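Below is one structure; the comments refer to it alone.
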Amino acid sequence: VQLQASGGGLVQAGGSLRLSCAASGRTFTLYTIGWFRQAPGKEREFVAGISWSGGRTYYPDSLKGRFTTSRENAENTAYLQMNSLKPEDTAVYYCAGRRAIVIGIRPNEYHYWGQGTQVTVSS
């Protein structure tokens, strides 16, 4: 599967953005999707994950309530809704796929990566 993240941009603190992760091919439903971000000089960080059916999601405690992931398998697309954005959310955001039931939280658990999309939150 090939993945492409989009929807990033510049937003003021307190604003919202919705990222999209578009997948090619007809096997999108086989993949658990994870969202990660990486700020300059920092390690890649898990921010959200969603199971193949969309029935299960997982978030780090620090982001629960602000970030929500969903997917529309008929459209081969996953989404990351980000609300109440803070300057510390500034990073390049990536979507990634793994053929597993369990939602992984480490980058090395994912085999397929899209190009990232830049999110910049101004104060």
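Counting only Cβ charges, +1 for Lys and Arg and -1 for Asp and Glu, the dipole size of segment 1-69 around its Cα centre is about 100 debye.
Atom-type composition of the exposed protein surface of the chain places 47 percent of the accessible area on carbon and sulfur (1.4 angstrom probe). Of interest is the spacing of the C-alpha centroids, which for segment 88-123 and segment 1-53 amounts to 5 Å.
Once a ≥ b ≥ c are taken as the square roots of the eigenvalues of the Cα gyration tensor of segment 1-64, is the result rounded (a/c under 1.5), prolate (a/b larger than b/c) or oblate (a/b not larger than b/c)? Prolate shape, in that a/c is at least 1.5 and a/b is the bigger ratio.
Rolling a 1.4 Å probe over the heavy atoms of the protein chains gives the chain an accessible area of 52 Å² per residue. Ordered from largest to smallest accessible area (heavy atoms of protein chains, 1.4 Å probe), the residues Tyr112, Tyr58 come out as Tyr58, Tyr112.
For the chain, would you read off the P(r) tail past 23 Å as a percentage of all alpha carbon pairs?
21
What FRET efficiency do you get for Asn73 and Gln38 if R0 is 22 Å and r is their Cβ-Cβ distance, rounded to the nearest 0.05? E between Asn73 and Gln38, to the nearest 0.05, is 0.25. Taking the DSSP beta bridges with both ends in the chain, the antiparallel portion is around 85 percent. Length gained on full extension, Gln118 to Arg66: 16.9 nm, using 0.36 nm per residue less the C-alpha separation.
The values are calculated or read from the model by the stated rules, or taken from the named source; none is laboratory data. Just so it is clear, the model here is predicted, and its values are computed rather than measured. Virtual Cβ from ideal backbone geometry, glycine too; neighbours counted across all protein chains shown. Side chains are part of the model used for accessible areas, which takes the heavy atoms of the whole protein and leaves out ligands, DNA and RNA. Shrake-Rupley method; radii C 1.70, N 1.55, O 1.52, S 1.80 Å.
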